[in-house]
Amino acid sequence: MEKHHDPAHTLVYIGIEPTDRDRARIPAIARAWRPWRTRFPLCSKWERPLTKAELLAEARALGVVPPRLYELGFSHNNCGGTCVRAGMRQWRHLLDVLPERYAFAQAQEEDLRRLLGPVSILRQRRKGVGRPLPLAELRRAHQAAPMLPDEREMTAADRDEMTNEGVR
């Protein structure tokens, strides 16, 4: 961006969802993009908020094929399914549908643990006490007791029925 786009003549459009949680992130995101000016068209006060299902349908109608992760049942198209801010459900889903990506993230995490000590992408909380939950440990637990279908990430049909309140 710095090399090819003058901040005085460039707008950065950010596609976050119109949820209260995402709207609360707008000031921090805008600060992070300075000196560029930002716009958040999906969070406009002046237009009816669209659900993710409506946005995906609009994209399809315009000939845009939605990203593959949606078709694989992910609720977001972030980081190839390996977002470090994702929760255990998404990581278990990733292990089920894209095991090679899970394995890569697990190897990266293990390298980081060798360098930094007992850190992990995930944390597990039991009886109010949190502890690191390495991906290798989550893999073992998940393979011993796989998720039930209703515990998985949303299916395409689920996404089509989503409302703004149902989107995280």
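The values are calculated or read from the model by the stated rules, or taken from the named source; none is laboratory data. Here the structure is a predicted model, which means the values were calculated and not measured. Ideal geometry is used to build each Cβ from the backbone, glycine not excepted, and the neighbour counts take in all protein chains shown. Just the protein is used for accessible areas: all its heavy atoms, side chains included, with ligands, DNA and RNA removed. Shrake-Rupley method; radii C 1.70, N 1.55, O 1.52, S 1.80 Å.
Summary of values
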item: Residue in segment 69-79 that is open to solvent by 30 Å² or more (accessible area, probe 1.4 Å) and over 30 Å from Pro134 (Cα atoms) present; result: no
item: Residue list for segment 1-18, filter: over 15 Å from Thr38 (Cβ atoms) and surrounded by 14 or more Cβ atoms within 10 Å (Cβ to Cβ); result: Glu17, Pro18
item: Filtered residues of segment 29-54 (kept if open to solvent by 50 Å² or more (accessible area, probe 1.4 Å), assigned to a helix (DSSP H, G or I) and either in contact with a Cys (Cβ under 8 Å, 6 or more places away or on another chain) or within 12 Å of Ile16 (Cβ to Cβ) (or both)); result: Pro41, Leu42
item: Any hit, segment 89-98, residues being assigned to a helix (DSSP H, G or I) and over 19 Å from Arg139 (Cβ atoms); result: no
item: Residue selected from segment 84-119 under the condition among the acidic types (Asp, Glu) and in contact (Cβ under 8 Å) with a residue 12 or more places away in the chain, by the criterion least open to solvent (accessible area, probe 1.4 Å); result: Glu109
item: Unmet criterion (only one of (1) touching a residue at least 40 places away in the same chain (Cβ under 8 Å); (2) more than 29 Å from Gln108 (Cβ to Cβ)) for Asp20; result: (1)
